[in-house]
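K.L.:
Right, I'll just put the structure down here and ask away after.
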Amino acid sequence: MIKLVQALDRAGARYTELPLDDGLEVITSAVDAVLDDPDLDGLDDGDRAIVRFVPRLALAPRTMHSGVLHDLTEAGLDDTTVHDVVQVCCCFSYMNRLADGLGVGQTEPNRAWATKLYGEARWEAHLKWKQPAQDG
Amino acid sequence: MPWIKLPDDDATPELSRATASYRKEGRPVPGIMAIMKPSPKAMRAVNQMNNAVTFGGSTLGRHREELIATATSALNDCFY
């Protein structure tokens, strides 16, 4: 899971620098690379289809169409499951925006896992980001 | 520290009710919920949404919910 998170984080950052189609291609490639890693276990076909699906909905909902859902049903997910996948992605997208929109950051007790995932420099940058702007 | 001023947990009767369970257990309101203290209605509604859609409330099971939550947050570059 750590490799997946790190790959998506890097790809997500790169995505914002590119035109839409190129950005989605970067993310698709990153996801494929992680899912093709023989050391990655614990994900069934449905999980893999979900991991391929989430980036499009989270970052580029304007590119959604019925064919995208077809990839999920092809992997064996029924309509209720597809619905729930979309709901969970939407819910966390909402919570992400709520946190980032109002400056809700991580706290010291979570420093260990955060630095394991993203490194000390990113943690320090996050602490600075959390600080409210100074007046004047 | 959040970027907006937040009222105390018991600043109004409505807010008191919304934060009652945390105060009863003697624990602080988590940051992501506390940020909604300006609107106790939103806090309650979001809590209900979260319980209905995630945290085991969906048909996906915790494994898939965590998978989607983690992927979504990583893509959105959300540290929280």
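K.L.:
Determine the alpha carbon to alpha carbon distance for each of A:K116/B:K37; A:K128/B:K41; B:K5/B:K37 and list only those over 20 Å.
P.N.:
Listed pairs above 20 Å: A:K116/B:K37; A:K128/B:K41.
K.L.:
Just want the answer: with Cβ charges of +1 for Lys and Arg and -1 for Asp and Glu, which residue in A:G12, A:V34, A:L24 is farthest toward the dipole's positive end in region A:1-42?
P.N.:
A:G12
K.L.:
For region A:1-110, rounded, prolate or oblate, judged on the Cα gyration tensor with a ≥ b ≥ c (square roots of eigenvalues), a/c < 1.5 rounded, else prolate if a/b > b/c?
P.N.:
Taking the square roots of the gyration eigenvalues as a ≥ b ≥ c, region A:1-110 is rounded.
K.L.:
Once you place label points 7 Å from the Cα toward the Cβ at A:K3 and A:K128, how far apart are they in nm?
P.N.:
3.2 nm
K.L.:
In Å², rounded to the nearest 100, what is the total accessible surface buried by chains B and A against each other with a 1.4 Å probe?
P.N.:
Buried area between the two chains comes out at roughly 3800 Å².
K.L.:
Can you work out ³J(HN,Hα) from phi for every residue in region A:25-34, in order, using Karplus 6.51 cos²θ - 1.76 cosθ + 1.60 and θ = phi - 60°, giving whole Hz and x for Gly and Pro?
P.N.:
5, 4, 5, 4, 5, 5, 5, 4, 4, 5
K.L.:
Right, here's the next one. Is there a simple number for the mean count of other chain Cβ atoms within 10 Å of the Cβ of residues in B:61-68, and what is it?
P.N.:
Partner Cβ neighbours, averaged per residue: 6.
K.L.:
Here is a follow-up. Run down the aspartates and glutamates and flag those whose C-alpha is under 13 Å from the C-alpha of A:K3, throwing out any fewer than 8 positions away in its chain.
P.N.:
Straight-distance partners of A:K3: A:D32, A:D36, A:D37, A:D39, A:D41.
K.L.:
So how much slack lies between A:A13 and A:R62, counting 0.36 nm per residue of separation and subtracting their Cα-Cα distance, in nm?
P.N.:
15.8 nm
The values are calculated or read from the model by the stated rules, or taken from the named source; none is laboratory data. If you're wondering where the values come from, they're calculated on a predicted model, not measured in any experiment. Using ideal geometry, Cβ is built from the backbone for each residue, glycine included, and neighbour counts are taken over all protein chains shown. Please note that ligands, DNA and RNA were not included when accessible areas were found on the heavy atoms of the full protein model with its side chains. Shrake-Rupley method; radii C 1.70, N 1.55, O 1.52, S 1.80 Å.
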